[in-house]
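The values are calculated or read from the model by the stated rules, or taken from the named source; none is laboratory data. Computed from a prediction, not measured in an experiment: that's the story for all the values here. All Cβ positions, glycine included, derive from the backbone under ideal geometry; neighbour counts span all protein chains shown. Each accessible area value is taken on the protein alone, full model and side chains, heavy atoms only, with ligands, DNA and RNA left out. Shrake-Rupley method; radii C 1.70, N 1.55, O 1.52, S 1.80 Å.
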Amino acid sequence: MPETLTVTDNRTGKTFEIPVTNDTIRALDLRQIKVKDDDFGMMTYDPGYTNTSSCISRVTYIDGEKGILEYRGYPIEQLAEKSSFMEVAYLLLNGELPKKAELSGWEEEIHHHTVVHENIKRQMESFRYDAHPMGMIISTVAALSTFYPEAKNVRCAENRRLQIKRLIAKVPTIAAFTFRHSQGHPYVYPNNKLSYTENFLTMMFRMVGNDYEPNPAIVKALDVLFTLHADHEQNCSASVMRAIGSSEADPYSAWAGAAAALYGPLHGGANEAVLRMLSEIGDVSKVPEYMKKCKNGELRLMGFGHRVYKNYDPRARIIKKCADDVFEVTGRNPLLDVALELERIALEDEYFVKRKLYPNVDFYSGLIYQAIGLPVTMFPVLFAIPRTIGWLAQWAESLEDKEQRIQRPRQVFLGERERDYVPMEQR
Ligand code: ACO
């Protein structure tokens, strides 16, 4: 069977043989299809990139129809149950699970970079008392590039590895500082004797003179949440990371761009939007009215639907179990009943069933964060911390990919052309 596609252009009657590799054709192979010799040639039009591969990747595999998510070939269910977030980070970045010594060496290296320059702290102190933590973290991480100017040497693999470690280590410190700032509490410095997740919780919640010890069940749940959010192949923010990286900008600036993409309510801001929605609904009795507005197209049911998963989001199942474990420690979140009722109705309702809209990872994560004591404004930050791993893995992969070039899509131009300038008084 020939691995080609035969295309007949009915405008000219000409036939073209287009090679097929991995069920994909190269868009540039269509350029030869022209009516006149001086035509530009055929392009594809794909707003939102719903059927366009922008890269070859070996990091994360998703089968949206079957609800499969694998990091470097390992199913997310097994990683969430058996692994730790630091181990998953090593796996995503290096391609293989670490041996014992490799893991402890990796954790040690991350510990080594958790502190931020005092000027970073001072810069953060200058934000307004009610500054949104995402705005704070995006601008602060971007500012890190001024502290590490050598980071722009992105073609040097060793330099890249150093910046990767710095970012993974410093993002939780800055994230915790944004929270302390919003509370008006002194910033807590990292404690390198603690695990990644314990350290983050401690920087968030330790009060002066108080020997805060995070509850192991909450540490475990947060570690699982971090694992579930670590990567998700070519999503909006990872694509931004790759796009900015393609111009060879430093990884701190690229991280800031990716985090800005994550902040939107249709992406990582969805968990914040879910909680606002649940609070707005407030009570189970109001659910049918809200659902009606969703079906009329007046509102979106936040935390539902996914560009890729069209049967279920495997992360949502794991998170639901996580929520139960956390609520055992913190007490049940009263909004859980509203969420369960929304889910129950949506899974039976023709509108949602027909459009294959199922709970996504963000439907329950916000309830857990709230139970842990976090305000909704911190939710997207809690997403950005683990997604740092995915962004960096994707960024490093793209820089090593010889086929990648600066990202520069084409357009179908339908605007005005060749008009003569009209002087102001004649308009
Ligand atoms: N509530 C109600 N209707 C919806 C929803 C929703 N959450 N999501 C999609 N639909 C409807 C659309 O109105 C559309 O209906 P139509 O065919 O009658 O016009 C149909 O389902 C298809 O929707 P699209 O917007 O075309 O789907 P797309 O794949 O572009 O969007 C997205 C996916 C952005 C996630 C969307 O489902 C959404 O907005 N969900 C709510 C926000 C959310 O939870 N985002 C988090 C995503 S997961 C993540 O980033 C971690």
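Quick look at the numbers
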item	result
Residue list for the stretch 278-307, filter: of a type in the set (A, V, I, L, M), near the ligand (Cβ under 8 Å from one of its atoms) and open to solvent by 30 Å² or more (accessible area, probe 1.4 Å)	299, 302
Candidate set: the stretch 308-319, residues that are part of a loop (DSSP other than H, G, I, E, B) and either within 11 Å of the ligand (Cβ to nearest atom) or of a type in the set (Lys, Arg) (or both); chosen: the one nearest to residue 355 (Cα to Cα)	310
For residue 190: the one exception among (1) at pLDDT 95 or above; (2) away from the ligand (no atom under 16 Å from the Cβ); (3) open to solvent by 40 Å² or more (accessible area, probe 1.4 Å); (4) not in a helix (DSSP H, G or I)	(3)
The stretch 273-292, residues that are assigned to a helix (DSSP H, G or I) and over 28 Å from the mean Cα position of the chain (by Cα)	284, 285, 286, 287, 288, 289, 292
Failed item, numbered, when residue 413 is tested on (1) within 15 Å of the ligand (Cβ to nearest atom); (2) of a type in the set (Phe, Trp, Tyr); (3) surrounded by fewer than 23 Cβ atoms within 10 Å (Cβ to Cβ)	(1)
Residue check, residue 261 assigned to a helix (DSSP H, G or I) and open to solvent by 10 Å² or more (accessible area, probe 1.4 Å)	yes
Answer from 247, 239 - the residue that is of a type outside the set (Lys, Arg), more than 15 Å from the chain's Cα centre (by Cα), open to solvent by 10 Å² or more (accessible area, probe 1.4 Å) and over 16 Å from residue 378 (Cα atoms)	247
Strands (runs of 3 or more DSSP E) contained entirely in the stretch 13-107, each with at least 3 residues that are open to solvent by 80 Å² or more (accessible area, probe 1.4 Å)	14-19
Spans of helices (runs of 4 or more DSSP H) in the stretch 195-255 with at least 2 residues in contact (Cβ under 8 Å) with a residue 12 or more places away in the chain and within 16 Å of the ligand (Cβ to nearest atom)	216-229, 236-246
